[in-house]
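Trainee: Have a look at the structure that comes next, please.
The values are calculated or read from the model by the stated rules, or taken from the named source; none is laboratory data. All of these numbers come straight from a predicted model, not from anything done at the bench. Cβ: placed from backbone, ideal geometry, glycine included. Neighbour counts: every protein chain shown. What goes into the accessible areas is simple: the full protein's heavy atoms, side chains included, and nothing from ligands, DNA or RNA. Shrake-Rupley method; radii C 1.70, N 1.55, O 1.52, S 1.80 Å.
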Amino acid sequence: MRILVTGGAGFIGSHLVRRLLASEQDSVVNLDALRYSGNLGNLADVTGHARYVFVQGDICDATTVERIVREHRIEAVINCAAETHVDRSIVEPGGFARTDVVGTGVLLEEARKAGVSRFVQVSTDEVYGSVEVGSSREDDRLDPRSPYSASKAGGDLLVRSYWATYGFPVLITRGSNTYGPNQYPEKFVPLFVTNAIDDQPLPLYGDGRYRRDWLSVFDHCGAIEHVLHHGEPGGIYNIGGGNERENIAVAGTILNHLGKPPTLLRFVQDRPGHDRRYAVDCSRLRALGWSPTVPFETGLRATVDWYRDHQEWWRKIKSGEFRAYYEQMYGKRLKDGIPCAS
Ligand code: DAU
């Protein structure tokens with residue numbers, strides 16, 4: 001298939017591009033705006049690949065999207081382009097609605113006009129909101145509670161409307177918390193790993209007992225590819241790793257693996273509106289023939305090793321724009337933080 005992957009220079013997008021190219025049947029055009037978390041270094045190994053083209057551009061720019069879809073005779077679109085970090089959405093929500101809603105709308109419309117045969121929207125389990133007990137199913141009511149998750153939910157609704165209104169063959173995936181190499185160090189796992197390597201404090205929000213279901217980026221990309229080829233048009237598919245853990249436990253595992261002391265842990269001021277727990281029921285995707293393959297402890301260990309062995313990758317990021325972000329997000333929090341007892 002000739003596939004347009006948007007946001008292909010980001011974390012999930014870059015792993016997906018590599019995976020699609022490895023299948024030998026697909027060619028990939030990667031459209032990425034290269035904003036703060038987009039990094040062409042993530043795809044250095046496929047630059048120059050015969051079936052790969054990179055275009056720098058914004059999914060909100062209809063002219064660019066229309067040209068790519070036409071010139072490359074695109075058959076499928078996978079939309080990974082998004083503003084994704086909850087904390088950033090709390091301090092600067094504007095860009096989230098623009099990329100995650102307006103950008104999705106532009107992509108949908110250009111893809112529909114060109115007669116693209118599959119449109120996969122890469123979404124998130126956060127659109128269901130906090131789930132205190134049980135697990136979310138695809139038809140559950142959406143209850144997003146941050147500007148990030150509300151923007152993603154808005155994008156999902158637009159995508160669904162293209163199925164209901166035009167019969168345009170859309171698919172939505174809703175993945176859980178994803179971890180792995182090349183993740184921008186604003187997210188929990190890479191932030192904690194890189195801080196621990198440098199003997200810096202690890203800021204645990206609130207009581208540290210918030211729960212997430214951790215999914216390897218390799219499993220996440222496998223699931224997206226599976227949905228692309230086998231999903232029912234109009235279908236929504238949850239993707240979870242089946243690894244529900246409290247944040248404090250994940251932090252402890254990271255410290256253990258690096259041989260660092262628990263005294264690096266700090267309880268800090270909580271994230272406003274912090275969702276207590278996410279959990280997804282993946283039986284629909286399992287019935288379609290997908291299941292996760294990476295055990296969490298193995299995957300987390302390999303991820304920690306990757307950050308330990310690729311310090312040039314994250315040190316470059318952490319010494320740039322990230323420093324101002326870190327100060328804004330964590331300066332006061334860490335000053336007022338409470339060390340963990342043991
Ligand atoms: O569930 C899927 C979602 O997972 C994705 O759609 C989002 O793009 C992704 O950012 C992630 O959302 P979370 O808010 O769960 O991820 P984050 O890595 O920011 O935080 C994970 C948990 O760790 C959450 O309970 C907040 C907590 N946390 C996070 C940071 C950055 C801390 O305790 N301290 C921190 O410094």
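Trainee: Suppose we take every Cα in the chain and form the convex hull; what volume per residue is that in Å³? Don't jump to the answer; show the numbers that get you there.
Mentor: Details: hull volume 42.0 nm³, N = 342.
Convex hull of Cα atoms, per residue: 123 Å³.
Trainee: I want to check the label-to-label distance for V102 and T165. Put each point 7 Å from Cα in the C-beta direction and report it in nm to one decimal.
Mentor: Placing both labels 7 Å beyond Cα along the Cβ direction yields 1.8 nm.
Trainee: Another question, if that's okay. Could you give P(r) for region 213-342, binned at 5 Å from zero, as whole percent values over all Cα-Cα pairs?
Mentor: Per 5 Å bin, starting at zero, the Cα-Cα P(r) for region 213-342 comes out as 2, 8, 13, 14, 17, 18, 12, 8, 5, 2, 0 percent.
Trainee: Tell me, in nm to one decimal, what length is gained between S23 and D336 on full extension, where the rule is 0.36 nm per residue of separation less the Cα-Cα distance?
Mentor: On the way: separation 313, 0.36 × 313 = 112.68 nm, distance 5.02 nm.
Contour length minus Cα-Cα distance gives 107.7 nm.
Trainee: What pairs in K152/K187; K260/K335; K152/K318 have C-alpha atoms more than 19 Å from each other?
Mentor: On the way: K152/K187 17 Å; K260/K335 21 Å; K152/K318 27 Å.
From K152/K187; K260/K335; K152/K318, over 19 Å: K260/K335; K152/K318.
Trainee: When the solvent-accessible surface of protein heavy atoms is calculated with a 1.4 angstrom probe, in what order do W163, W290 fall, highest first? Don't skip to the end; give the middle numbers.
Mentor: Numbers: W163 100, W290 20 Å².
If we order W163, W290 from most to least accessible, we get W163, W290.
Trainee: Given only helices, namely DSSP H runs of n ≥ 4 each adding -39500 (n - 2.57), what is the per-residue ellipticity at 222 nm of the chain, to the nearest 500 deg cm²/dmol? Provide the component values of the computation, followed by the final result.
Mentor: On the way: 13 runs with 139 residues, N = 342.
The per-residue figure over the chain is -12000 deg cm²/dmol.
Trainee: Hey, another quick one. Can you tell me how much longer the chain between R141 and A249 gets when fully stretched, taken as 0.36 nm per residue apart minus their C-alpha distance, in nm with one decimal? Can you show the working numbers first?
Mentor: Numbers: separation 108, 0.36 × 108 = 38.88 nm, distance 2.99 nm.
Full extension of this stretch gives 35.9 nm more.
Trainee: Right, another one. In region 93-156, carbon and sulfur make up what percent of the accessible area (probe 1.4 Å)? It would help to have the intermediate numbers written out before the result.
Mentor: Working: 1220 of 2410 Å².
Of the solvent-accessible surface of region 93-156, carbon and sulfur hold 51 percent.
Trainee: Let me ask another. Ordering T173, T165 from largest to smallest accessible area (1.4 angstrom probe), what's the sequence?
Mentor: On the way: T173 0, T165 95 Å².
Most to least solvent-accessible, the answer reads T165, T173.
Trainee: In sequence order, what are the phi-derived ³J(HN,Hα) couplings for region 48-58 according to the Karplus relation 6.51 cos²θ - 1.76 cosθ + 1.60 with θ = phi - 60°, rounded to whole Hz, with x for glycine and proline?
Mentor: With coefficients 6.51, -1.76 and 1.60, one gets x, 4, 4, 9, 10, 10, 10, 10, 7, x, 10 Hz.
Trainee: Here's another thing I want to ask about it. Using a 1.4 Å probe, what is the accessible area per residue for region 236-301, in Å²?
Mentor: I get 43 Å² per residue for region 236-301.
Trainee: At 1.4 Å probe size, with no ligands or nucleic acids counted, give the accessible surface of V268 in Å², nearest ten.
Mentor: 10 Å²
Trainee: Equivalent ellipsoid semi-axes for region 179-240, as square roots of 5 times the alpha carbon gyration tensor eigenvalues: give them largest first, rounded to whole Å. Spell out each step's value before the answer.
Mentor: Details: eigenvalues 199, 42, 10 Å².
Working from the Cα gyration tensor, I get semi-axes of 32, 14, 7 Å.
Trainee: Right, another one. Where is the GNM fluctuation largest for the chain (alpha-carbon springs, 10 angstrom cutoff): F296, F322, F168?
Mentor: In the Gaussian network model the winner is F322.
Trainee: How large is ³J(HN,Hα), in whole Hz, for each residue of region 174-187 in order, when computed from phi with the Karplus curve 6.51 cos²θ - 1.76 cosθ + 1.60 and θ = phi - 60°, using x for Gly and Pro?
Mentor: 10, x, 8, 4, 9, 9, x, x, 6, 8, 4, x, 7, 7
Trainee: Give me the extension gain from H230 to E92: residue separation times 0.36 nm, minus the current Cα-Cα distance, reported in nm with one decimal.
Mentor: Details: separation 138, 0.36 × 138 = 49.68 nm, distance 3.73 nm.
Using 0.36 nm per residue and subtracting the Cα-Cα distance, I get 45.9 nm.
Trainee: A follow-up question, please. Taking the Cα centre of the chain as the origin and placing charges on Cβ (Lys, Arg +1; Asp, Glu -1), which of A153, W306, V102 is farthest toward the positive end of the dipole?
Mentor: The residue sitting farthest along the positive end of the dipole is W306.
Trainee: Using a cut-off of 19 Å between alpha-carbon atoms, which aspartates and glutamates can reach K332, once sequence neighbours fewer than 8 places away in the same chain are excluded?
Mentor: Within the straight-line cut-off, K332 pairs with D87, E92, E186, D199, D207, D270, E321.
Trainee: Which order do M329, M1 take by accessible area at a 1.4 Å probe, largest first? Write out the running numbers ahead of the final one.
Mentor: Values: M329 20, M1 60 Å².
Ranked list, largest accessible area first: M1, M329.
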